[in-house]
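Inspection log for the structure reproduced underneath, given as structure tokens.
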Amino acid sequence: MAGVGMDEGEHLMTLWMLILIPLITTAAIAFSRERYARSIALVGSLVTLAWSIVVAFQFPHWASEQWVYWPPEDSFELLPFTGVSIILGVDSVSMLLILLNVALMPACVLGSWTAITERRREFYSWLMILSICVMGVFLARDVISFYTFFEASLVPGFFLLAIYGGEDRKAASYKFFIYTFTGSLFMLVALVYVAWQYAQKNGEWTFGISELVAFTSNPENISTTEQGWLLLALLAGFAVKVPLFPFHTWLPLAHNQAPTAGSVNFAAVILKLGLYGVYVFIIPMVPNAVVEWGPFIGVLCIIGIIYAALICWVQTDVKKLVAYSSVSHMGFAMLGLIALNPVGMQGAVYYMLSHGFATGGLFLCIGMMYERYHTKDLREVGGLAKKMPVWSFFFIVMVLASVALPGT
């Protein structure tokens, strides 16, 4: 267990364990018997949660007002002389999102305990792999690692949806994959262009996020016009994940067809990858373009907020209702980031966390209801407070948290 007084290499190993523990859990599930898969997944997720809490207590920069990584500069060189290295680190925002990810994973395992009756080893393996990919995104401090984990998260999400989803799972999984993969290709082009420009002007390659952000944000290196094109390319990748209007159409179908654990991960974690990308790349990397195009992005956020909220009013499918509410809520979070002031930034981060727990909890409650009554139609469900009083209490709390009642 790493302490504050330990050297940076040991701190780095502390971060590596956040990936290694779920990776070992995945291997144990793959080679276990079918009936032990869910128990192994639960133990592995709880161990990961415990280790994450340890890391959170070791993190020394909670009160810092600056963008501080911990450890500051730790890397593992893959290809010397090419600038390709694996760099891990956390700041206060990524640490909070890591805690969100690991806190919900045991709930996902328990929420699928009786719902998944076939191919359990495969299901819990994909669930753990998804957790690994999300963890890698929040830990990565180099472009290659970030993009690899960012794209790899599509694979477990696709299979969880395509194998364990509802009747329209095939269409939902293909739409999810095509939308997110296509957007990410534009993001890849932008990141490669930035690394190439850095190599042209400095005579060496680097893929470290800190170095590329410092290089690109300087107008002497990248003009405002170039920053505008980079903004559009990066936004194409991250806006689909958020999802920002009008790139949101994959989300309601995916939520509606996904198994309970899949819906929880899509809402609570996957959507946050897009917002996190805006926070890490777009705002610090192309600041002049963000100032110029910020009002336009803000208008898209407002349209998405109002449009999705109006759709919620007429929904009878409770899963689609929560899905469209997520589109509306993420519009608020994106608007806070684009506001470019401390209050907006802090509000956006807080909203990412609160939305993750509230909406994740709602999908868990809906999964329990569906498992008992096999319907998601609000017109067919009534009187649950008498039949399921404990469930009703938590459901109401989650609903009130979702509508931002103070105290919840």
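So here's what we get for this one:
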{"item": "Rg/Rg_ref, region 210-282, where Rg_ref = 2.2 N^0.38 Å and atoms are Cα", "result": "1.38"}
{"item": "Cα radius of gyration and Dmax for region 292-390 (Å)", "result": "16.5, 55"}
{"item": "Karplus-derived 3J(HN,Hα), 6.51/-1.76/1.60, for each residue of region 323-328, Hz, glycine and proline x", "result": "5, 5, 5, 5, 4, 5"}
{"item": "Gain on full stretching of the segment that runs from L188 to V314 - 0.36 nm per residue minus C-alpha separation", "result": "41.5 nm"}
{"item": "For the chain, the spread of Cα positions along each principal axis, largest first, Å", "result": "68, 47, 40"}
{"item": "Sorted peptide list for 226-232, 87-93, 196-202, criterion being average Cβ within 10 angstrom, highest first", "result": "87-93, 226-232, 196-202"}
{"item": "Whole-Hz couplings from phi, Karplus 6.51/-1.76/1.60, listed for region 245-253; x for Gly and Pro", "result": "4, x, 9, 9, 5, 6, 5, x, 5"}
{"item": "With every protein chain in place, region 110-238: carbon and sulfur % of accessible area (1.4 Å)", "result": "61 percent"}
{"item": "Fully extended contour minus Cα-Cα distance, from Y307 to W196, at 0.36 nm per residue", "result": "36.0 nm"}
{"item": "HN-Hα J in Hz across region 145-161 - Karplus 6.51, -1.76, 1.60, θ = phi - 60°, x for Gly and Pro", "result": "5, 4, 5, 4, 5, 4, 6, 4, 5, 5, 5, x, x, 4, 6, 4, 6"}
{"item": "Shape metrics for region 118-227, restricted to C-alpha atoms - Rg then Dmax, Å", "result": "17.9, 58"}
{"item": "Per-peptide average of other Cβ atoms within 10 Å, ordering 156-162, 208-214 highest first", "result": "156-162, 208-214"}
{"item": "Dimensionless Rg over Rh [region 225-354; C-alpha; Kirkwood]", "result": "0.98"}
{"item": "For region 277-384: accessible area per residue (Å², 1.4 Å)", "result": "43 Å²"}
{"item": "Peptide ranges 347-355, 243-251, 309-317 listed from the most packed, as the mean C-beta count within 10 angstrom indicates", "result": "243-251, 347-355, 309-317"}
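The values are calculated or read from the model by the stated rules, or taken from the named source; none is laboratory data. Model, not experiment: these values are computed from the prediction. Heads up, the Cβs are rebuilt from the backbone with ideal geometry, glycines too, and the neighbour counts pull from every protein chain shown. To get the accessible areas, we keep the full protein, side chains included, count just its heavy atoms, and leave off ligands, DNA and RNA. Shrake-Rupley method; radii C 1.70, N 1.55, O 1.52, S 1.80 Å.
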